[in-house]
Amino acid sequence: FKLKLTLRFNFPQVSNFLPTTRRLIQFAGEARKPKPTDKVVYMDGSFDMFHCGHVETLKAAKEMGDFLLVGIHDDATVNARLGHNFPILNLHERTLSVLSCRYVDEVIIGAPPVITNDMIVSMNISHVCRKADPEDPEPTGYDVPKEMGIYHELRSDVEVTVKTILDRIVANRESFSKKHARKVLQEQSYFEQKEYVEEL
């Protein structure tokens, strides 16, 4: 029994969401800016299908400083890195998910894939963090923070990823399809063996 996963949308996705500042503030909560003495921690990524693994990693990043700035890559960047069906959620949806996390102080919407010296200076970044990924041990875009000695890879015991979530969806869908197929066969068998019963 083979099951092909068909996603509802193909890239690129067109969002009908209108990201007004008021709507973004509703998700971000009370805005605060970093103090000159704050250690600003920067972490970037796709943050697709926001899950507990993201929360744990963002919590660990926040513990490295006072202010957590999160860069969210745009749809084209994520798609170029991960492939045709990604991201599952568009940039606006991913932004709102990250803004709703209590450990995040601010986000860069459509963050650049390469972290430059200018970005580090202008944002007063003290630490650059990334979740360690065995499938991508030498990520690109982090040369400058590595040279400056401010790059850190964070380890997490949470094994949930977008891929494990999709695998779970496919597995459950397959189970549902098999259950439905059995019921169809039982119903078909019933009608094939049905006999006339005289009504009283």
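Quick rundown of the values:
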| quantity | calculated |
| --- | --- |
| Low-density loop positions, trypsin sites (Lys or Arg not before Pro), region 27-72 - DSSP coil, at most 15 other Cβ in 10 Å | Arg32, Lys39 |
| Sparse-neighbourhood loop sites, trypsin sites (Lys or Arg not before Pro) in region 103-158 - DSSP loop, at most 12 other Cβ within 10 angstrom | Arg155 |
| Rough spin-label spacing in nm, given labels placed 7 Å along Cα→Cβ, for Val160 and Arg182 | 2.8 |
| Filtered GluC sites (Glu not before Pro), region 128-170: DSSP coil and at most 13 other beta carbons within 10 Å | Glu135, Glu159 |
| Under DSSP loop assignment and at most 15 Cβ neighbours within 10 Å, longest chymotrypsin sites (Phe, Trp or Tyr not before Pro)-free interval of the chain | 18-195 |
| The chain: calculated mean residue ellipticity at 222 nm from DSSP helix runs of at least 4, using -39500 (n - 2.57) | -12000 deg cm²/dmol |
| Mean accessible surface per residue for the chain, computed with a 1.4 Å probe while every protein chain stays in place, in Å² | 68 |
| Heavy-atom accessible surface of the chain: percent carbon and sulfur, 1.4 Å | 54 |
| Relative contact order [Cα under 8 Å, 6+ residues apart], the chain, whole percent | 23 |
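The values are calculated or read from the model by the stated rules, or taken from the named source; none is laboratory data. Just so we're clear, the structure is a prediction, and the values are computed from it rather than from any experiment. Cβ coordinates were reconstructed from backbone atoms using ideal geometry, including for glycine residues, and neighbour counts include every protein chain displayed. Areas reflect the complete protein model, heavy atoms only, side chains present, ligands, DNA and RNA absent. Shrake-Rupley method; radii C 1.70, N 1.55, O 1.52, S 1.80 Å.
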